[in-house]
Amino acid sequence: MPHVITSLENANLGWLFYKKYFLEPEPCNKKNDAENEGKDTLANRNHTIFNRKLENGDQFFKLNALHNIPLQTTYPGLLIGSGYTHEFDFHEEEDKKEAFKIGFFFDHITGLPCIPGHSVKGVLRSAFPNHEKEKYVKEKSELLVELFKNMGLDPQQKFDAYLRGKNINNYQYEPIKFAQLLGEIIFEGNEPTRIKDNNLQFESMALVHKDIFYDAYFNSKGIPFLAEDYITHHENPFKNPNPVKFLKVLPYIDIQFQFHLKDNLLTGDEKEKLFRSILLLLGVGAKTNVGYGRLIDPQDGGLKNTAPIIEQINIGIKKEKLQVDDVLDAKIVSLTSGIQIDLCIKDIPFKPVLTGISTAGFLKDQIIQVKVTRVEKRLEVVYHSTKN
């Protein structure tokens, strides 16, 4: 069972993950776990990272932004900064298996994870057909027009009114033209000035008229928010898979997106609504094609106070003992800082905490049920129901 390293429990997470992490750790005593407590082992470094509770992101990242979009991660979580190198050849074989192999993004100053403004801008830009080698111009244009219509607005009316205000006439509306014009304004900061060869000609706007994309930050205060996960790829179909360990943001963690959006082809408020739709549709971060980085709106049926994931239990439990979809009884042992439970299984002395759920309506010593969602080198469960 891993332990928190007391001297590192309040350390800058970015420094811990990218600097301290690669100093040779102390060896782990496999026979007597009690001797590992307080030691600077790699397993204890990982557990110290997982055990960190999210600080008040407002005090570090909140700006006087005109437009804010509060969303929330969902299962299986969110991965950011996967392109950063995080591979190191530790001496001990156990440490090689324990180590994270994929990078993660932390703000350099605070050490907290965030989504840089340029990454937010890139996600939103990907929905527009403005890339010079874009393969799906027609499809993306039609999608944007459809999203716009779902907002109860008429894209052609907006298109014609904006160009008339620029004294540009006789430029026929098409979904592709609308999407490309909107993308040029929002992401390139360019405005149309005239028509040449049946194409709009653009000039750069004054800086004060350009849209601003700020860093998005996580803001579920006082609960664990990081966990491990694995990519299991098969280099050869006749050989065992190679699990690659990475760090992720847990499900049901609040994210605050911030913008300063200007009125032009769309008003700032209309852009905010469009951005919300795109973020909910596309997600953010890496591995969105397999579910990571998908977002939900807590104001529209989000899961902020229902079905939370439980902090993962990093133990070597045998697979044959538990299966996915098993429902377990769990006893609430504390409500002091979240809902701490005992799974009442001999092999699991660690008492995990329900994350992303209010303590309201729960009682100490109450028996609830949790459902197993994953069994590998760790056990992962979600809140299932209150037992009658």
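The values are calculated or read from the model by the stated rules, or taken from the named source; none is laboratory data. Quick caveat: nothing in here was measured; it's all calculated off a predicted structure. Methodologically, a virtual Cβ is constructed for each residue, glycine included, from the backbone with ideal geometry; neighbour enumeration extends over all protein chains shown. The accessibility values were calculated without ligands, DNA or RNA, using every heavy atom of the protein model including side chains. Shrake-Rupley method; radii C 1.70, N 1.55, O 1.52, S 1.80 Å.
Details
- Number of the condition not met by Lys177 [criteria: (1) free of Cβ contacts under 8 Å to residues at least 60 places away in the same chain; (2) surrounded by fewer than 16 Cβ atoms within 10 Å (Cβ to Cβ)]: (2)
- Residue that is farthest from His118 (Cα to Cα) [pool: residues in segment 196-230 that are assigned to a strand (DSSP E or B) and open to solvent by 50 Å² or more (accessible area, probe 1.4 Å)]: Lys196
- Cβ pairs under 8 Å, 6+ apart, first in segment 128-143 and farther than 11 Å from Gln180 by Cα and of a type in the set (A, V, I, L, M, F, W, C), second open to solvent by less than 40 Å² (accessible area, probe 1.4 Å) and not in a helix (DSSP H, G or I): Leu143/Ala127
- Elements of type helices (runs of 4 or more DSSP H) in segment 1-74, at least 1 residues being among the polar types (S, T, N, Q) and under 25 Å from the mean Cα position of the chain (by Cα): 42-51, 58-61
- Residues in segment 26-78 that are touching a helix residue (DSSP H, G or I) at 6+ places or on another chain (Cβ under 7 Å) and over 30 Å from Val381 (Cα atoms): Leu66, His67.
- Odd one out for Asn236 among (1) part of a loop (DSSP other than H, G, I, E, B); (2) more than 17 Å from the chain's Cα centre (by Cα); (3) modelled with pLDDT of 90 or more: (3)
- Segment 24-45 residues that are on the phi > 0 side of the Ramachandran plot and at pLDDT 75 or above, paired with ones that are outside any loop (DSSP other than H, G, I, E, B) and buried (at least 19 other Cβ atoms within 10 Å of the Cβ) (beta carbon under 9 Å, 6 or more apart): Gly38/Asn44
- Filtered residue count, segment 337-384, keeping only those that are on the phi > 0 side of the Ramachandran plot and at pLDDT 75 or above: 2
- Selection over segment 89-107 of residues that are over 10 Å from Leu42 (Cβ atoms) and modelled with pLDDT of 75 or more gives a count of 7.
- Failed item in (1) surrounded by 21 or more Cβ atoms within 10 Å (Cβ to Cβ); (2) under 30 Å from Val372 (Cβ atoms); (3) among the small types (Gly, Ala, Ser), with Gly57 passing the rest: (2)
- If you go through segment 239-254 and keep only what is open to solvent by 20 Å² or more (accessible area, probe 1.4 Å) and either part of a strand (DSSP E or B) or of a type in the set (A, V, I, L, M) (or both), you end up with Asn242, Pro243, Val244, Asp254.
- Tally, over segment 96-137, of residues that are open to solvent by 50 Å² or more (accessible area, probe 1.4 Å) and touching a strand residue (DSSP E or B) at 6+ places or on another chain (Cβ under 6 Å): 2
- Glu184 passes every criterion in (1) more than 26 Å from the chain's Cα centre (by Cα); (2) open to solvent by 50 Å² or more (accessible area, probe 1.4 Å) apart from (2).
- Number of the exception - Gly152 against (1) open to solvent by 60 Å² or more (accessible area, probe 1.4 Å); (2) more than 31 Å from the chain's Cα centre (by Cα); (3) small (Gly, Ala, Ser): (2)
- Complete set of residues in segment 82-95 that are in a loop (DSSP other than H, G, I, E, B) and open to solvent by 20 Å² or more (accessible area, probe 1.4 Å): Ser82, Gly83, Tyr84, Glu87, Phe88, Asp89, His91, Glu92
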